[in-house]
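Novice: Dropping a structure here in structure tokens format, bear with me for questions.
Values in this text are rule-based calculations from the coordinates and carry no lab data. Keep in mind it's a predicted model, so treat the numbers as computed, not measured. Every residue, glycine among them, receives a Cβ derived from its backbone with ideal geometry; neighbour counts consider all protein chains shown.
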Amino acid sequence: MSINEIGKCMLRVVLGIIFFAHGLSKFQGGIENTVGFFDSIGIPGFVAYIVAVIELVGGIAMIVGLGTRVVALLFVGVMVGAIFTVKLPAGLLGNGDMAGYEFDLALLAISIYFVTANTSTLSLDDKLFRSN
């Protein structure tokens, strides 16, 4: 096992933990609050449920390395949506009222990496779907 495989695994697990935590907080804090926020910026409220489930379930899947490419592609969609619908007006580093999109941009880049990367040997994808 190479150091690159260990690094890829660590990056995947951290990405999964971050998305899982964000999804969990949406449900624990009352998903209705997120629905209201989405409505207030012109996005249909039901999209909040879709985003929260992608973050929560996708985060778990990313942690264990199951469906990594598909989940990463969903994360790309969530991050592009967040950047262009909410964060872009605040700028890269924020404007004093709202955080910027620097964190979202980093999560987007990491997600794109997992869309394009080979399957890690330290993942369920590799254990379940490895072609010998």
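Novice: Expected output is a single nm value to one decimal: the length gained when fully extending between Leu11 and Phe129, i.e. 0.36 nm times separation in residues minus the C-alpha distance. What is it?
Specialist: Values: separation 118, 0.36 × 118 = 42.48 nm, distance 2.08 nm.
Between Leu11 and Phe129, full extension yields 40.4 nm more.
Novice: Show me 62-73, 86-97 ranked by packing, highest mean number of other Cβ atoms within 10 Å first.
Specialist: The densest-packed peptide leads the list: 62-73, 86-97.
Novice: Hey, what number do you get for the chain at 222 nm if only DSSP H runs of n ≥ 4 count, each worth -39500 (n - 2.57), divided across all residues, to the nearest 500?
Specialist: It lands at -22500 deg cm²/dmol.
Novice: Same structure again: Cβ under 15 Å from Ala109's Cβ, Ala109 left aside: what net charge do those residues give with Lys, Arg +1 and Asp, Glu -1?
Specialist: +1
Novice: On full extension of the chain, what length is gained from Asn118 through Phe84, given 0.36 nm per residue of separation minus the C-alpha to C-alpha distance?
Specialist: This chain segment gains 9.4 nm when fully extended.
Novice: Moving to a separate point now. Cα atoms only: what Rg and Dmax, in Å, come out for the chain?
Specialist: Expressed in Å, the Cα Rg and Dmax of the chain come to 15.8, 54.
Novice: Within 13 Å, Cβ to Cβ, of Ile31, how many net charges do the neighbouring residues add up to if Lys/Arg are +1 and Asp/Glu are -1?
Specialist: Once all neighbours under 13 Å are counted, the net charge is -2.
Novice: Work through the residues other than Phe19 whose Cβ is under 12 Å from its Cβ and net out their charges, Lys, Arg +1 and Asp, Glu -1.
Specialist: Residues near Phe19 contribute 0 overall.
Novice: Using only Cα atoms, find the angle between the long axis of helix 68-82 and the longest principal axis of the chain, and express it within 0 to 90 degrees, rounded to the nearest 10.
Specialist: Approximately 20 degrees, to the nearest ten.
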